[in-house]
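The block underneath contains the structure these notes are about, expressed in structure tokens.
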Amino acid sequence: GNLGFVYAAKNKMEDAIARTKMYLEISEDKFSRESKSPQNVAAIATSYNNLGKYYLLQKNLPGAEDNYKKGLSICMDFVEKYPSILSKLVALLSTNLGQLYVDSYADRLPDAISFFDKAIEYRDKSTGDDNESMKFNSSVAILYLARIYFFKNDLIQARKYFSACIYLINNLPEDSNL
């Protein structure tokens, strides 16, 4: 949980990973015994996302990919039942996988595009108080798509995505902390 963040902020990644795995184990145990609540599903998916980030910071790309995919998998199993809570996690995990593929695996651009498209699709299904955060996060996916198409010399698609990104950013509230 949050203790993992404390260790990560101090650049103690092994401790961050250990604490997050402990929290994940507790959440998964609760999930298997009693609660398939949206909050518990979200806690599990968030733990996998955090593990993915920590492994990425350690340059452990397979570890990052595996954890992002596990988080996305559990979200996809329940997102139709709990769209208002899990859609934002699907979008976040999809964006993280897309970024990982663009930044680390040149041969995985088609996969990256697919994950960015999924992030944008699920952004539209998300509701709640953090809608500005969702707009910002989806602008990351859109910006990556613009870059991909630009470097593929598909300038029409690149312009479409650059324009969409600029529109999203320009329409964030003035008092946004993003």
- request: Only residues that are farther than 13 Å from Q58 by Cβ, charged (D, E, K, R) and touching a helix residue (DSSP H, G or I) at 6+ places or on another chain (Cβ under 8 Å): list them for region 1-20, please.
  value: R19
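I'd like to verify a number: residues in region 1-21 that are buried (at least 20 other Cβ atoms within 10 Å of the Cβ) and modelled with pLDDT under 90, how many? Before you say what the answer is, go through the steps one by one.
Quick first cut of region 1-21, residues buried (at least 20 other Cβ atoms within 10 Å of the Cβ) only: 4, 16-17, 19-20.
Next, only the ones that are modelled with pLDDT under 90 stay: 4.
Result for region 1-21: 1.
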- request: Kindly provide the set of residues from region 22-44 that are under 18 Å from the mean Cα position of the chain (by Cα) and either of a type in the set (A, V, I, L, M, F, W, C) or surrounded by 13 or more Cβ atoms within 10 Å (Cβ to Cβ) (or both), ordered by number.
  value: L24, P38, N40, V41, A42, A43, I44
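The values are calculated or read from the model by the stated rules, or taken from the named source; none is laboratory data. What you are looking at is a predicted structure, and each value in this text was computed from that prediction instead of being measured. Glycine also receives a Cβ, built like all others from the backbone with ideal geometry; neighbour counts cover every protein chain displayed.
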